[in-house]
Amino acid sequence: MRSDEAIRQARGRIANRVGVLVRASAFYAHCLGVFVISAAPVGAETDSPVFTLYRNSPLHPLMRIHVATFDASDGKQYNFENCWIAAELFQDKPGVQVRYWCETGKFRR
């Protein structure tokens, strides 16, 4: 079981990563002259309270492999935070060669 402090630190790191991605997206959109409306993939359920954890494959970096779906009745923020905490816990394990990430909505092939 993780302590409350460890969870707060993980949430802080996630918030920092999301902030960096948003700033990078805005910079590239500005450079390309494109207005970025959403960071969600095409067809994503942006209002969905459900988040899905994916990983790639060490042999196929572009592959999306379903790991878990977070659809608790506690709401969108709860599922968002738990998905990204799980992604970070998996990613931070020693020797991990794959990337973990969360997407809005239920599992899609």
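Here, each number is a calculation from the coordinates, and none is a lab measurement. Quick caveat: nothing in here was measured; it's all calculated off a predicted structure. For neighbour counting, all protein chains shown are included, and Cβ atoms are generated from backbone atoms with ideal geometry for every residue, glycine included.
Brief remarks follow.
- In terms of the mean number of neighbouring beta-carbon atoms within 10 Å, the peptides 61-67, 91-97 order highest first as 61-67, 91-97.
- Difference of contour (0.36 nm per residue) and Cα-Cα distance, Ser48 to Phe90: 12.7 nm
- Of the residues Ser57, Ser73, the one with the fewest other Cβ atoms within 10 Å heads the list, and the complete ranking is Ser73, Ser57.
- Distance (nanometres) between label positions extended 7 Å along Cα→Cβ at Gln9 and Arg99: 2.6 nm
- As a rough footprinting exposure proxy, the listed residues Tyr100, Tyr78 were ranked by other beta carbons within 10 Å of their own, and the order from fewest upward is Tyr78, Tyr100.
- Semi-axis lengths, Å, the range 41-109, gyration tensor of Cα atoms, sqrt of 5 times eigenvalues: 21, 15, 7
- Sorting Phe51, Phe70 by the number of Cβ atoms found within 10 Å of their own Cβ, with the fewest placed first, yields Phe70, Phe51.
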